[in-house]
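Below: one structure, written as structure tokens.
The values are calculated or read from the model by the stated rules, or taken from the named source; none is laboratory data. These figures come from a predicted structure and were not determined experimentally. Methodologically, a virtual Cβ is constructed for each residue, glycine included, from the backbone with ideal geometry; neighbour enumeration extends over all protein chains shown. Keep in mind that these areas ignore ligands, DNA and RNA; they rest on the heavy atoms of the full protein, side chains included. Shrake-Rupley method; radii C 1.70, N 1.55, O 1.52, S 1.80 Å.
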Amino acid sequence: MAQMSGAEIYQQLCTSCHGVRGKGDGPMAPLLQIEVPDLTRLAQGPAGEFPAEQVRRTIDGRSERPAHGLPYMPIWGLRFYDPEKPDDAEARARGDSIVERLIGYLQSIQED
Ligand code: HEC
């Protein structure tokens, strides 16, 4: 994933549930017990702007569970960050970069 753009990472990992255009209509969506959110409308939440920090925590996922619980979202942080090297700055920077690219992509598909 090192060289992929946010759009490419999204296409590879996220469309099965969130759909090619982020509308929450991926092929897996009907199989889940809950509705898959429309990722093009994140900027229309209560904050009135794109909630980058919340999106970051949701995608990372490692600190969300079990306290808040996003039961159907895979915990991508376990894949993006090397769990064997929690203190390795380079490994962390690589994970951060993947998450940042995804956030940038999601920000770019917001509708008004
Ligand atoms: C297995 C299905 C599935 C996959 C794959 C998936 N998601 Fe999700 N996602 C969900 C569901 C369902 C929710 C609603 C919260 C929950 O899990 O209960 C969600 C919630 C979210 C939210 C929070 C939306 C909000 O309204 O705050 C974001 C952001 C998000 N996903 C991004 C992603 C990204 C980026 C990827 C790919 C790296 C991804 N998702 C892959 C199912 C999925």
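Suppose the filter is more than 8 Å from the ligand (Cβ to nearest atom) and surrounded by fewer than 18 Cβ atoms within 10 Å (Cβ to Cβ); does residue 28 pass it? So residue 28 fails the test. Selection over the range 35-89 of residues that are open to solvent by 50 Å² or more (accessible area, probe 1.4 Å), at positive phi and in contact with a helix residue (DSSP H, G or I) (Cβ under 7 Å, 6 or more places away or on another chain) gives a count of 0.
Yes or no, residue by residue, for (1) modelled with pLDDT of 95 or more; (2) hydrophobic (A, V, I, L, M, F, W, C); (3) touching a strand residue (DSSP E or B) at 6+ places or on another chain (Cβ under 6 Å):
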{"residue": "76", "(1), (2), (3)": "no, yes, no"}
{"residue": "79", "(1), (2), (3)": "no, no, no"}
{"residue": "82", "(1), (2), (3)": "no, no, no"}
{"residue": "102", "(1), (2), (3)": "yes, yes, no"}
{"residue": "110", "(1), (2), (3)": "yes, no, no"}
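Is one or more of the residues making up the range 54-63 among the hydroxyl-bearing types (Ser, Thr, Tyr), within 8 Å of the ligand (Cβ to nearest atom) and closer than 25 Å to residue 4 by Cα?
The answer is yes; a qualifying residue exists.
Taken over the range 1-25, the residue count meeting the criterion of being more than 11 Å from the ligand (Cβ to nearest atom) and assigned to a loop (DSSP other than H, G, I, E, B) is 8.
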